[in-house]
There are 2 protein chains.
Amino acid sequence: MPYTAPLKDIRFCLEHVARTRGLADTPLFAEATPETVDAVLVEMGKLATETMAPLQRPGDAGCALADGIVKTPEGYKAGYQALAEGGWMGLAAEPELGGMGLPLTVQTAVNEMQASACLSLSLNPLMTQGSIEAFTAHASPELQERFLGKMISGEWNGTMNLTEPQAGSDVGALKTKAEPEGDGYRITGQKIYISWGDHDMTDNIVHLVLARLPDAPSGSKGISLFVVPKFLDDGSENGVKTVSLEHKLGLHGSPTCVLAYENAKGWLVGEENRGLACMFTMMNNARLGVGVQGLGTAEAAQQHALAYVTDRVQGKALTPADAPKTGAIIDHPDVRRMMMEMKARTEAARAICYDTAKALDMARAAPDEDRAKWAARGAFLTPLAKAYGTYTGMEVSELGVQAHGGMGFIEETGAAQYYRDVRVTAIYEGTNGIQAADLVGRKLSMDGGETARSILSEAEAEIASAQTPMTRNLAAVHEAAEDATQWMLAQNDMAERLAGSNAYLMVMSTLHAATLLHRGLRAAEAHMADDPDFYLAKIAIASYYLAHIAPEALGYAISAKLGSSLHYALTPEQMAV
Amino acid sequence: MPYTAPLKDIRFCLEHVARTRGLADTPLFAEATPETVDAVLVEMGKLATETMAPLQRPGDAGCALADGIVKTPEGYKAGYQALAEGGWMGLAAEPELGGMGLPLTVQTAVNEMQASACLSLSLNPLMTQGSIEAFTAHASPELQERFLGKMISGEWNGTMNLTEPQAGSDVGALKTKAEPEGDGYRITGQKIYISWGDHDMTDNIVHLVLARLPDAPSGSKGISLFVVPKFLDDGSENGVKTVSLEHKLGLHGSPTCVLAYENAKGWLVGEENRGLACMFTMMNNARLGVGVQGLGTAEAAQQHALAYVTDRVQGKALTPADAPKTGAIIDHPDVRRMMMEMKARTEAARAICYDTAKALDMARAAPDEDRAKWAARGAFLTPLAKAYGTYTGMEVSELGVQAHGGMGFIEETGAAQYYRDVRVTAIYEGTNGIQAADLVGRKLSMDGGETARSILSEAEAEIASAQTPMTRNLAAVHEAAEDATQWMLAQNDMAERLAGSNAYLMVMSTLHAATLLHRGLRAAEAHMADDPDFYLAKIAIASYYLAHIAPEALGYAISAKLGSSLHYALTPEQMAV
């Protein structure tokens, strides 16, 4: 599908919304000068447009499993090689290990473009990025030596093996076994939903597998992490078999495997029984990465729909007298509404995702005394980025189908593929319900609500900065979010918080997006003279979000504060027919 | 897929929410006694559960076009025959023509069950119902004699042929030609998106085709309606060729055809150049029918998800101390939230659809002096039923996918099929944007806002009837709807209304659903002693809607009143990258 990297929008978001310029002033990211970052973005934009975007539609034909090997769609291998050879797998990896050491913020912008261009293929580097992080943080020097360089170079891929049929959101229920043998372990068990669990694009695949040691404690405290390569050093097979591929709603280009481990040789990563903590290292950034998949899909679906509605002629539009007229269906007020909504929601998701990435970067790069604060901010924002980013992807791609009218329901159009592909992002890497639970549970409790209050304060500072109708819109959302936060913090019974968790997540996401877009709006006003066409557009989109979309938070805030009483008013039998 | 007809919920909605009992007191529907209606519902419930529901999953394999004939999925022909032989095609058709003459209200409940059980197959009788209506209202006695009986008996099917590649929402742009010849006309042109345009389930297919006579005025005033059978009386082919089938996102069991008419023999239905008016006869009720498809899908998706979450065990739920516990994931507060939301949204859609059907029935059955008022109400509520019903189907099936976690993305589960199938309902029979335009344009203007005000008054009467927290929730929505309606009526520039049309449709739909559910809540309280388990459930579900969902209208009301200024703040070039 045609896709143009929105470089100006991305630069604007980095510069004026997430305000990431300061990263280059830290010792850790001194290399990430604006010039370097921009060169990276331009290069990725080119690759996304020229190499990856043409793979989006062919990838929908899916993968095939034959003779135990997964065959990827036509063109994927070449597309992957372009990514690997361009050094894109190790963008954020440490330089001494062969990476470029760029901030997660830059990786996030790069991931957005990859997701827009071809979501299925982009999931592969995203998984490998997570593996690289986990290896860097937890693997012994020997294991790093053996596996890390080849993952960073893209010669080998990394996967995450958590889920088993009885152990999904409840990872602690897993049963895969690890028996000590020689310098390592023998792994036996079955894993499901393994994204890119097998394929024909790399020489080897490095599986990170959660399993139980003999006599390990039950539940999540008895889980250890192992690295299990598909092929051993001598090239022999290592007892990892692809049993089947899932037949999915979307993301057909990305093989979702059932993997059987039979006495497969593995090595321990990190400490015994601390596997879940190791896995969370990679899952946390992967959660942001999945939110960015939602963002990327939203951007692509918006571009795709815009192309259609500026081309398709149908009926005579009733437009306001002074409105620009094109003769195409974009003139119709409700089509306009859809286009503005798609663009505004996309920019809101971008703001949250990039701002989350910046916090996670600063948690590593800031002066020691500031790191905990940034880490807390990153931890608080991650569930917002994951859930709001993916909800945005769903909502915007849904509008993309609608904007196409009857054509939207026809697969050849491609609008439906965005709608299908993005659907899983609200589910994997922790369902959005799990994100909401994380927000009202761990993240709201970790510091007695201090980080939540800092998000509210940030909105207050924005509100104090201007006195426009848009500022008043932000103030209304802030008031609702303030109430909802106070209510949440006053609940000692966690079930009461959880009952309103999804609604509260929507309130805080909307507030934070509104704050960030208001900040961007002010920056656009200040820079207007430099590029009036562009900055006027930024103001209009931010205003659309603040005026038309942000008020959604008012309804959510009411729901967030109601607690669980109505949730449990019925028995399941009373709910059934 | 397993499906149980929710007969108690349907009866409750007919009796206490839409209050349809009075229909049997009218001369037109004197036969529709509660006993007869109930027997019909029970019979349909059985057929839906036993005969249609098993066709839902196999139908997803789709239809095939071979040798010019569409082959329907395994089992569809037998399923269709059961519907035809049971007399279900002519349920609402006039008795003197072979129908049962039952109210549209009963037809609506029947359609809901069919849609829940197998949406693809149910679209076939829905199309034929529309054809029967158009024939009854507009065709000459000779044409009625020739075609109507066989459509009512189900021996033949009816289709609607409006769309051409350049003429979708703008039907007036169509180009198909009709040349007079002998006692009829020769029709030539291409039609697209013809649902059930060809198939192997009946001996003949009766196409209703919009076309232009020679020298007809341009645009929508030069369109005439013709009946064009697939086969002529002597059994010979009539120049109607199935060119191709669309490859669609969903609804695979329902063949969507491109039909080529080449000198096909046709006969005029109604007057020359009045074809659009004739077609609207059938489209109006078809719009309600499509809203009911959304409702039916919502009900089925809710039942399907409930079965999963009451069976699946995963993690230990943090529930309130006094909540019922099952050990399955329905105990988790956010899963509960999803289940309550699915059920509450479904009941809201049912309330609006049944109430709309009642108004359309009363427009025919009420004493002469009352008919115009009922007709206006039916006309006003139809776009709400279509759009809110289908948005509900989308939203509830989306929650159905989410409630399944990873399994929701796997096609074999069936949750994704509901999500895919229902997506077209927001598009066909007039996109939901067209419904919103119809609401703020024709329907709000037809009587200077009188009908809109009567909907508001109905809410006021409910608000005056009780003083509970739920009543206050209704009052808040009413206030928002009152403001939005006043704003809309004050706009002379239709573009300003259209800019907020979708939001206004959501406000009025939510208000009316809230009013109807509040009414049902009061009835449940009054009848509590008869069946406490059931009536407590009705109260809980209505309360959930009023407390958690209805506040959505507050955000929509703000958006509805903003007009078009932000919509047109950008040129399409500024929107693009």
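The values are calculated or read from the model by the stated rules, or taken from the named source; none is laboratory data. This is a predicted model, so every value here is computed, not measured. For neighbour counting, all protein chains shown are included, and Cβ atoms are generated from backbone atoms with ideal geometry for every residue, glycine included.
Data overview
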{"read-out": "Flag for B:Met151 being within 28 Å of B:Ala426 (Cβ to Cβ), touching a Leu at 6+ places or on another chain (Cβ under 7 Å), of a type outside the set (Phe, Trp, Tyr) and buried (at least 20 other Cβ atoms within 10 Å of the Cβ)", "value": "no"}
{"read-out": "Test: residue in region A:453-471 that is within 14 Å of chain B (Cβ to nearest Cβ), surrounded by 17 or more Cβ atoms within 10 Å (Cβ to Cβ) and over 25 Å from A:Gly296 (Cα atoms)", "value": "yes"}
{"read-out": "Matching option when the condition is part of a helix (DSSP H, G or I) and small (Gly, Ala, Ser), among B:Ala569, B:Ala537", "value": "B:Ala537"}
{"read-out": "Meets criteria (of a type in the set (A, V, I, L, M, F, W, C) and farther than 20 Å from A:Thr163 by Cβ) for A:Ala387", "value": "no"}
{"read-out": "Test: residue in region B:382-395 that is part of a helix (DSSP H, G or I), in contact with a Phe, Trp or Tyr (Cβ under 6 Å, 6 or more places away or on another chain) and at the interface with chain A (Cβ under 9 Å from one of its Cβ atoms)", "value": "no"}
{"read-out": "Subset tally (residues that are acidic (Asp, Glu) and at the interface with another protein chain (Cβ under 7 Å from one of its Cβ atoms)) for region B:408-434", "value": "2"}
{"read-out": "Sole residue being in contact (Cβ under 8 Å) with a residue 24 or more places away in the chain, assigned by TED's automatic domain parsing to the domain that holds B:Asn473, part of a loop (DSSP other than H, G, I, E, B) and touching a Gly at 6+ places or on another chain (Cβ under 8 Å), chosen from B:Leu554, B:Leu562", "value": "B:Leu562"}
{"read-out": "Where A:Ser445 falls short, out of the listed (1) at pLDDT below 95; (2) within 16 Å of the chain's Cα centre (by Cα)", "value": "(2)"}
{"read-out": "Hits in region B:126-136 - residues which are free of Cβ contacts under 8 Å to residues at least 60 places away in the same chain and touching a Gly at 6+ places or on another chain (Cβ under 8 Å)", "value": "B:Thr128, B:Ile132"}
{"read-out": "Candidates A:Glu142, A:Glu112 - the one that is in contact (Cβ under 8 Å) with a residue 40 or more places away in the chain and assigned to a helix (DSSP H, G or I)", "value": "A:Glu112"}
{"read-out": "Some residue of region A:398-410 being part of a helix (DSSP H, G or I) and in contact with a strand residue (DSSP E or B) (Cβ under 6 Å, 6 or more places away or on another chain)", "value": "yes"}
{"read-out": "Hits in region B:416-453 (condition: over 30 Å from A:Glu246 (Cβ atoms) and of a type in the set (A, V, I, L, M, F, W, C))", "value": "B:Ile434, B:Ala436, B:Ala437, B:Leu439, B:Val440, B:Leu444, B:Met446, B:Ala452"}
{"read-out": "Qualifying residue in region A:523-540 (condition: under 22 Å from A:Leu439 (Cβ atoms) and assigned by TED's automatic domain parsing to the domain that holds A:Ser454)", "value": "no"}
{"read-out": "Set A:Val70, A:Val37, A:Val42: member being over 22 Å from the mean Cα position of the chain (by Cα), at pLDDT 95 or above and not polar (S, T, N, Q)", "value": "A:Val70"}
{"read-out": "Verdict on A:Gly520 being under 24 Å from A:Ala476 (Cβ atoms) and without any contact (Cβ under 8 Å) to a residue 12 or more places away in the chain", "value": "no"}
{"read-out": "Unique residue being touching a residue at least 12 places away in the same chain (Cβ under 8 Å), on the phi > 0 side of the Ramachandran plot and not hydrophobic (A, V, I, L, M, F, W, C) when the list is B:Gly222, B:Gly266, B:Gly239, B:Gly253", "value": "B:Gly239"}
{"read-out": "Selection from region A:526-561 of residues that are within 22 Å of B:Ala576 (Cβ to Cβ) and not aliphatic (A, V, I, L, M)", "value": "A:His527, A:Asp530, A:Asp531, A:Pro532, A:Asp533, A:Phe534, A:Tyr535, A:Lys538, A:Ser543, A:Tyr544, A:Tyr545, A:His548"}
{"read-out": "Subset of region B:441-480 [under 20 Å from A:Pro551 (Cβ atoms) and touching a His at 6+ places or on another chain (Cβ under 9 Å)]", "value": "B:Asn473, B:Leu474"}
{"read-out": "Those residues of region B:262-279 which are crowded, with 17+ Cβ neighbours inside 10 Å and either assigned to a strand (DSSP E or B) or not aliphatic (A, V, I, L, M) (or both), in sequence order", "value": "B:Ala264, B:Lys265, B:Gly266, B:Trp267, B:Leu268, B:Val269, B:Gly270, B:Asn273, B:Gly275, B:Cys278"}
{"read-out": "So B:Ser565, is it more than 7 Å from chain A (Cβ to nearest Cβ) and either buried (at least 19 other Cβ atoms within 10 Å of the Cβ) or hydroxyl-bearing (Ser, Thr, Tyr) (or both)", "value": "yes"}
{"read-out": "Identity of the residue in region B:323-344, within 7 Å of chain A (Cβ to nearest Cβ) and charged (D, E, K, R), that ends up farthest from the chain's Cα centre (by Cα)", "value": "B:Asp334"}
{"read-out": "Residue match in region A:393-409 (condition: within 21 Å of A:Tyr193 (Cβ to Cβ) and touching a residue at least 12 places away in the same chain (Cβ under 8 Å))", "value": "yes"}
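Per-residue answers, yes or no, for (1) within 8 Å of chain B (Cβ to nearest Cβ); (2) modelled with pLDDT under 95; (3) surrounded by fewer than 21 Cβ atoms within 10 Å (Cβ to Cβ):
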residue	(1), (2), (3)
A:Ala475	no, no, yes
A:Ala480	no, no, no
A:Met488	no, no, no
A:Gln491	no, no, yes
A:Asp530	no, no, yes
A:Tyr545	no, no, no
A:Leu570	yes, yes, no
A:Gln574	yes, yes, yes
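Let's see how each residue does on (1) farther than 30 Å from A:Thr26 by Cα; (2) crowded, with 22+ Cβ neighbours inside 10 Å:
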site: A:Ala305; (1), (2): yes, yes
site: A:Gly315; (1), (2): yes, no
site: A:Ala351; (1), (2): no, yes
site: A:Ala357; (1), (2): no, yes
site: A:Asp368; (1), (2): no, no
site: A:Val401; (1), (2): yes, yes
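Yes/no matrix, rows are residues, columns are (1) within 14 Å of chain B (Cβ to nearest Cβ); (2) in contact with a Phe, Trp or Tyr (Cβ under 7 Å, 6 or more places away or on another chain):
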| position | (1), (2) |
| --- | --- |
| A:Leu225 | no, no |
| A:Val228 | no, yes |
| A:His252 | yes, no |
| A:Asn273 | no, no |
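Per-residue answers, yes or no, for (1) acidic (Asp, Glu); (2) within 30 Å of A:Leu91 (Cβ to Cβ); (3) surrounded by 24 or more Cβ atoms within 10 Å (Cβ to Cβ); (4) away from chain B (no Cβ under 14 Å):
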site	(1), (2), (3), (4)
A:Glu155	yes, yes, no, yes
A:Gln166	no, no, no, no
A:Thr188	no, no, no, yes
A:Tyr193	no, yes, yes, no
A:Asp198	yes, yes, yes, yes
A:Asn204	no, yes, no, yes
A:Val209	no, yes, yes, yes
A:Pro214	no, no, no, yes
A:Ser218	no, no, no, no
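Yes/no per residue for (1) more than 30 Å from B:His252 (Cβ to Cβ); (2) outside any strand (DSSP E or B); (3) not β-branched (Val, Ile, Thr):
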{"position": "A:Leu208", "(1), (2), (3)": "yes, no, yes"}
{"position": "A:Ala211", "(1), (2), (3)": "yes, no, yes"}
{"position": "A:Ser244", "(1), (2), (3)": "no, no, yes"}
{"position": "A:Ser254", "(1), (2), (3)": "no, yes, yes"}
